[in-house]
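Down below is the structure, laid out as structure tokens.
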Amino acid sequence: MAWRSLIPEQELTDVRQDRKNAVGIEKYKISANALYMQGEYLPLKAVTGVRLQPSTYTPNCACGKGIPVYKLRVDYGTENPLVLMMEKEKNAERLLSAISDVNPGARIERASAP
């Protein structure tokens, strides 16, 4: 599979090796260089801010009965941020922590429950 950078001018030199060293957290993988999801990756050096907030996911308009989830809004200098949905709060915190460890200059926010 060919991995595509969300920021074309910031591609990794050896994506295959970097992804092999990545750690899986739910449906995402994160390494010291990038965040991987569905055939694409985001170089972590580009991240300017991350916001973690509780939310709900309502599959197929299920009459207002939503599944509690956690969303990570990852800003990386474009008009539209990357929004990652995670099932467990501890996994969302792990991913947030991993991003801030690699990029300590990124703004970190935690929103309270709606």
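Over the residues of the chain, the helix contribution to mean residue ellipticity at 222 nm works out to -5000 deg cm²/dmol, using -39500 (n - 2.57) for each DSSP H run of at least 4.
Taking amide H positions as modeled 1.01 Å from N, with prolines and chain starts lacking one, the residues under 5 Å from GLY49 and 5 or more places away or on another chain are ASP75, ARG107. The residues neighbouring SER31, those whose beta-carbon lies less than 13 Å from its own, together hold a net charge of +2 under the Lys/Arg +1, Asp/Glu -1 convention.
For GLU87, the solvent-accessible surface with a 1.4 Å probe is about 120 Å², rounded to the nearest 10. Computed extension length for GLN17-ASP75: 18.3 nm, one decimal, from 0.36 nm per residue of separation with the Cα-Cα distance subtracted.
Dipole magnitude for the chain: computed about the Cα centre from +1 point charges on Lys and Arg Cβ and -1 point charges on Asp and Glu Cβ, it is near 320 debye.
Among 48-57, 10-19, the peptide with the highest mean count of other Cβ atoms within 10 Å heads the list, and the full ranking is 48-57, 10-19. Ligands, DNA and RNA are left out, and with a 1.4 angstrom probe the accessible area of the chain is 63 Å² per residue. With contacts taken as Cα pairs under 8 Å at a separation of at least 6 residues, the chain carries a relative contact order of 24 percent.
Multiply the residue gap between THR58 and SER112 by 0.36 nm, knock off their C-alpha separation, and tell me the result in nm, one decimal place. Spell out each step's value before the answer.
Details: separation 54, 0.36 × 54 = 19.44 nm, distance 1.96 nm.
So the extension gain works out to 17.5 nm.
Starting from 0.36 nm per residue, how many nanometres of slack lie between LYS27 and GLU40 once their C-alpha separation is accounted for?
Difference between extended and current length: 3.4 nm.
Relative to the dominant Cα principal axis of the chain, helix 89-102 is inclined by about 30°. With the charge dipole of the chain set up from +1 on Lys and Arg Cβ and -1 on Asp and Glu Cβ about the Cα centre, the Cα lying farthest toward the positive end among the listed residues ASN33, VAL23, LEU44 is that of VAL23.
For LYS90, the aspartates and glutamates whose Cα comes closer than 15 Å to its Cα, not counting residues fewer than 8 places off in the same chain, are GLU26. Heavy-atom surface analysis with a 1.4 Å probe gives the chain a carbon and sulfur content of 48 percent of its accessible area.
Using the Cβ of SER5 as centre and a radius below 11 Å, the other residues enclosed give a net charge of -2, where K and R count +1 and D and E count -1. Diffusion coefficient of the chain by Stokes-Einstein, Kirkwood radius over Cα pairs, 10 °C, 1.306 mPa s: 108 µm²/s.
The values are calculated or read from the model by the stated rules, or taken from the named source; none is laboratory data. Remember, it's a predicted structure, so these values are computed and weren't measured experimentally. Note that we place each Cβ from the backbone using ideal geometry, even for glycine, and neighbour counts take in every protein chain shown. Only protein heavy atoms, including side chains, enter the accessible area calculation; ligands, DNA and RNA are left aside. Shrake-Rupley method; radii C 1.70, N 1.55, O 1.52, S 1.80 Å.
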